[in-house]
Amino acid sequence: MKNIYITDLDHTFLRNDLSLSDYTKKIWNSYVDEAILGVATARTYRKTAQFLEGVHINAPMILLDGALIATTDKKIIDTKFIEKDVADTIIAEGAKFGIYPFVLSLGEGKLNEVFLHSDILNNYQAEVLKRYVKADNLQERKNIEAMKQNFKVVYMGEEKELRELEVRLKEIFGESLKYILAPEAYVGCYFLTLLHKDADKSHGIKSVSEYLGFDLEKLTVFGDNFNDVGMFALAKTSVAVANAQDGVKDQANVVLKHTNDEDGVAKYLESLKDG
């Protein structure tokens, strides 16, 4: 049975400028005939496909923190949605703190991802949206409401404020939602992501495993942040890049000497061939 390699994207596989070196592409693609190759990311299908141009992926992709599992040709394998009434309550609670989220939803049509945002933005959100200026799936809403099927609700802001909002949402929803509060390295703030309770990378890996019929004992995963530790627990080998959060490194089988900017994942894969 083939080995399986699944990597996180941001700050793990991608460089900090969101690019991939020719070296990384070459080493990764050299495995395509002998291994199952996949990604597990908080990114949308659209952004993932953009970043991975020229990169071979032969497994369904784990997207939006595990809320969406889809093949490279847009076949949906699995979804985990937050229903509209729940998402609207989340939005209303955030409004009490004076903050409004990004809402990633599924529109009509084949894998039609919709990126909703309020007309009221903080500086961090405004900075993020600068990277989406050419995206045709952005929808600004004066009085933002969720859609029927929502992959995730994401707040960006100061840590203290988001921790207070997280506490409030846990009082309302308890364990019926998944909560991810972590640093956002690109714009220097924190993010709070709300997802379906089963929307995470570990459940995503299980879905992909069932779809392809692979053995988790053959699985190696790569990551850097706390939303990666669930898949660390499933994999035979978990690998943290040198720039990973300290708590993530503590849970990895292997901590690399190289960062994402130094082609850490590719150098590890090349070392396996050399060994």
### Query
Over region 142-275, what lengths in whole Å, largest first, do the semi-axes of the equivalent ellipsoid take, defined as the square roots of 5 times the eigenvalues of the alpha-carbon gyration tensor?
31, 20, 13
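Share of antiparallel DSSP beta bridges in region 102-187, in percent to the nearest 5? Walk me through the intermediate numbers first.
Details: 9 of 13 bridges.
Looking only at bridges with both residues in region 102-187, the antiparallel portion is about 70 percent.
Run through the DSSP bridge list for the chain and note the antiparallel percent, rounded to the nearest 5. Don't skip to the answer; put the middle values down first.
On the way: 31 of 51 bridges.
About 60 percent, rounded to the nearest 5.
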### Query
Using alpha-carbon positions, what is the distance between the centroids of region 85-161 and region 224-271, in Å?
30 Å
### Task
Mind scanning LYS152/LYS257; LYS75/LYS249; LYS75/LYS142; LYS96/LYS160; LYS2/LYS80 and naming the pairs with a C-alpha gap bigger than 25 Å?
LYS152/LYS257; LYS75/LYS249; LYS75/LYS142; LYS2/LYS80
### Message
Need the full-extension length gain, LEU138 to ASN253, defined as separation in residues times 0.36 nm minus the C-alpha distance. One decimal, nm.
### Response
37.5 nm
## Note on the structure
Checked against the positive end of the charge dipole of region 133-275 (+1 on Cβ of Lys and Arg, -1 on Cβ of Asp and Glu, about the Cα centre), the farthest of GLY264, ASN243, PHE214 is PHE214
### Task
Report the normalised scattering of the chain as log10 I(q)/I(0) at q = 0.10, 0.12, 0.16 Å⁻¹, calculated by the Debye formula with identical scatterers on the alpha carbons.
-0.49, -0.72, -1.28
#### Entry: Neighbour cut-off at most 14 other Cβ (10 Å), DSSP loop, trypsin sites (Lys or Arg not before Pro), region 137-202
LYS142, LYS148
#### Entry: Cα-centred dipole magnitude for the chain, charges only on beta-carbon of K, R (+1) and D, E (-1), debye, nearest 20
420 debye
## Note on the structure
Taking a ≥ b ≥ c as the square roots of the eigenvalues of the Cα gyration tensor, with a/c under 1.5 meaning rounded and otherwise prolate when a/b exceeds b/c and oblate if not, region 173-215 is oblate
### Query
Quick one: length gained pulling LYS25 to GLU210 fully straight, 0.36 nm per residue minus the C-alpha distance?
63.9 nm
### Task
Pick out, from PRO183, THR193, LEU68, the residue whose Cα sits farthest towards the positive end of the charge dipole of the chain, with +1 on the Cβ of Lys and Arg and -1 on the Cβ of Asp and Glu.
LEU68
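Could you tell me what percent of the accessible area of the chain is made up of carbon and sulfur, with a 1.4 Å probe and every protein chain present?
Working: 5700 of 12360 Å².
Within the chain, the accessible surface is 46 percent carbon and sulfur.
Could you work out the local net charge near GLU145, counting Lys and Arg as +1, Asp and Glu as -1, over the other residues with Cβ closer than 9 Å to its Cβ?
Working: positive: LYS84, ARG141; negative: ASP88.
Residues near GLU145 contribute +1 overall.
If packing is taken as the mean number of other Cβ atoms within 10 Å per residue, what is the order of 68-76, 226-234, highest first?
Values: 68-76: 16.6, 226-234: 20.2.
Going from most to least packed, we get 226-234, 68-76.
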### Query
If you count the DSSP beta bridges with both ends in region 43-142, what percent of them are antiparallel, to the nearest 5?
75 percent
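The values are calculated or read from the model by the stated rules, or taken from the named source; none is laboratory data. Not measured: the values here are computed from a predicted model. Virtual Cβ from ideal backbone geometry, glycine too; neighbours counted across all protein chains shown. Heavy atoms of the whole protein, side chains included, go into the accessibility calculation; ligands, DNA and RNA do not. Shrake-Rupley method; radii C 1.70, N 1.55, O 1.52, S 1.80 Å.
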